[in-house]
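Contents: one structure, followed by commentary.
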Amino acid sequence: MITVASHFNWPNIKLPQWMIPNHYTVSTFDRTYVLLVICMYMIGLVMVASSSMPIAERLFDNPFHFVIRHMIYIGLSIFIAALSLQIPMAFWHKHSFKLLFLAMLLLLIVLLVGRTVNGSTRWIVLGPITIQAAEPAKLFLFCYLSAYMVRRRDEVMENVKGFIKPLVVFGVLASLLLLQPDLGTVIVMFVTTFGLLFLAGAKLWQFISVAGVGLTAIGALAYFSPYRWARVTSFLDPWKDPFGSGYQLTQSLMAYGRGELLGQGLGNSIQKLEYLPEAHTDFVMAVVAEEFGFVGIALILVLSMALVIKALLLGRTAINKEKYFEGFFAYSIAIWISFQAAVNVGASSGIVPTKGLTMPLISYGGSSMIIMTLAVVVLIRIDHEIRLQSIQATSSHGKNRSKKGAEK
């Protein structure tokens, strides 16, 4: 019998009614997830259009090149979402190891035949389709870890061996990612893995000791790699070399400074005119800040926070209903989205070093868009199955009461 760890005790915080899972209605899925994703799709499409036109005009002689591709990615994401909604959570649970193997296989393939851009080999090219192997690797790792927590949760809570096993799996994936190299994805996986282990009930001393080792290792990777260390030092003082290692961050900070409270207005960004590199991908939030100011950034963060809080509440509900795999999976998706969003905004605003991570459901990038949509689909499916269970339980209870009344 799996017992719920004390980590699941939540404070009684008043939240809007639409954010709280209500599984006793006749509705079979939570439409709020769909509304949140559509809002983020539309904001992302507008901002990719605004930020990508100058570079698209120069590179492809077509200012709408990236906009059209982004629209195709959104359409493809919706199509894959419609298909994936039919997949029961039992399938994810049963085939979690196969999905992990597929993630490792993709990371191996990208090292052998992947496309290299800016010194990083991260993309598998299949005709017009480009796959960033690290994106599905994140989702599949979290699926495997969630299944592992169900099988070995007592072991995770009681001894070091159960705690170390998932870290070995993480270590294999991290090694393949560092060969690309892609330290940003490794950090996202690291934080999500440890967050999940903590929620699963790992002892605090295990958590602190291994987290300390992991942070030391990440620090060493940054220190002994010249280009990574240049990023760290330029982040600490970007104005020391504003036309060299600190160029991207200084241009991003200028965008934030020009935006002030309400921004310069849609289309009026100066930094997107090829002063700010990667303006439509990793640094799209800097363009948002310049054109819509603090209000624009706050709106996107509120939408992301709403999605994360709903995922956390859904995870708690699943755990309380003894659907442990679904609960851990929802928790991991919540940690993943929140941390990646925080790092993306933090990197563009100079709070953390740049890591090359997209803003979930906002930035340009097909692989990221599709996988993030798939993650939200998993949340919708978890919610759907819990609702069906509640409806069936209510129906059975009503039939039993009617039967007893007839017998009387």
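Coordinate-derived values only; no laboratory data. Just so we're clear, the structure is a prediction, and the values are computed from it rather than from any experiment. Ideal geometry is used to build each Cβ from the backbone, glycine not excepted, and the neighbour counts take in all protein chains shown.
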Mind checking which aspartates and glutamates have their C-alpha under 17 Å from LYS165, skipping anything on the same chain fewer than 8 residues away? ASP154, GLU155
Going by a ≥ b ≥ c, the root eigenvalues of the Cα gyration tensor, does segment 177-290 fall in the rounded group (a/c under 1.5), the prolate group (a/b larger than b/c) or the oblate group? prolate
MRE, 222 nm, helices only [DSSP H, n ≥ 4, -39500 (n - 2.57), over the chain, to nearest 500]: -24000 deg cm²/dmol
Length gained when the stretch THR216-SER84 is fully extended (0.36 nm per residue, less Cα-Cα span): 43.6 nm
Please give, to one decimal in nm, the separation of the simple spin-label points placed at VAL160 and GLN389, each 7 Å out from Cα toward the Cβ. 3.6 nm
How big, in percent, is the set of alpha carbon pairs in segment 270-342 lying more than 14 Å apart? 66 percent
The pairs in LYS323/LYS355; LYS94/LYS355; LYS161/LYS321; LYS94/LYS310; LYS240/LYS355; LYS203/LYS323 lying past 30 Å Cα-Cα in this model are LYS323/LYS355; LYS94/LYS355
Shape call, segment 64-179: gyration tensor on alpha carbons, a/c limit 1.5: oblate
Potential lengthening between THR130 and TRP229 on full extension [0.36 nm per residue; Cα-Cα distance subtracted]: 32.7 nm
Using the count of nearby Cβ atoms within 10 Å as a rough guide to exposure, how do THR28, THR250 rank from fewest to most? THR28, THR250
Rounded to 10°, Cα long-axis angle of helix 324-348 versus longest principal axis of the chain: 20 degrees
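Could you please report the charge total around ILE370, scoring K, R as +1 and D, E as -1 over all other residues with beta-carbon less than 14 angstrom from its beta-carbon? Let's see the in-between values first.
Values: positive: ARG69, LYS138; negative: GLU135.
Charge balance in the 14 Å sphere: +1.
Taking the number of other C-beta atoms within 10 Å as the exposure measure, put GLU385, GLU326, GLU155, GLU274 in order starting with the fewest.
Details: GLU385 20, GLU326 28, GLU155 15, GLU274 12.
By the 10 Å Cβ count, ascending: GLU274, GLU155, GLU385, GLU326.
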Any idea what the relative contact order of the chain is, in percent, if you count C-alpha pairs under 8 Å spaced at least 6 apart? 25 percent
Between 0 and 90°, nearest 10: helix 31-60 axis offset from the chain longest Cα axis: 20 degrees
0 to 90° range, to nearest 10: angle between helix 284-320 axis and the chain longest Cα axis: 20 degrees
Would you mind ranking VAL295, VAL345, VAL213 by Cβ crowding within 10 Å, fewest neighbours first? VAL213, VAL295, VAL345
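When Lys and Arg each count +1 and Asp and Glu each count -1, what net charge do the other residues less than 10 Å away from VAL150, Cβ to Cβ, add up to?
Here the count lands on +3.
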With just the Cα atoms of the chain, tell me how far they stretch along each of the three principal axes, in Å, largest first. 85, 45, 45
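Expected output is a single nm value to one decimal: the length gained when fully extending between VAL117 and ILE208, i.e. 0.36 nm times separation in residues minus the C-alpha distance. What is it?
Fully extending the segment from VAL117 to ILE208 adds 29.1 nm.
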For a label point 7 Å from the Cα of TYR247 along Cα→C-beta, name the residues of segment 261-285 whose backbone N is under 15 Å from it. 272-279
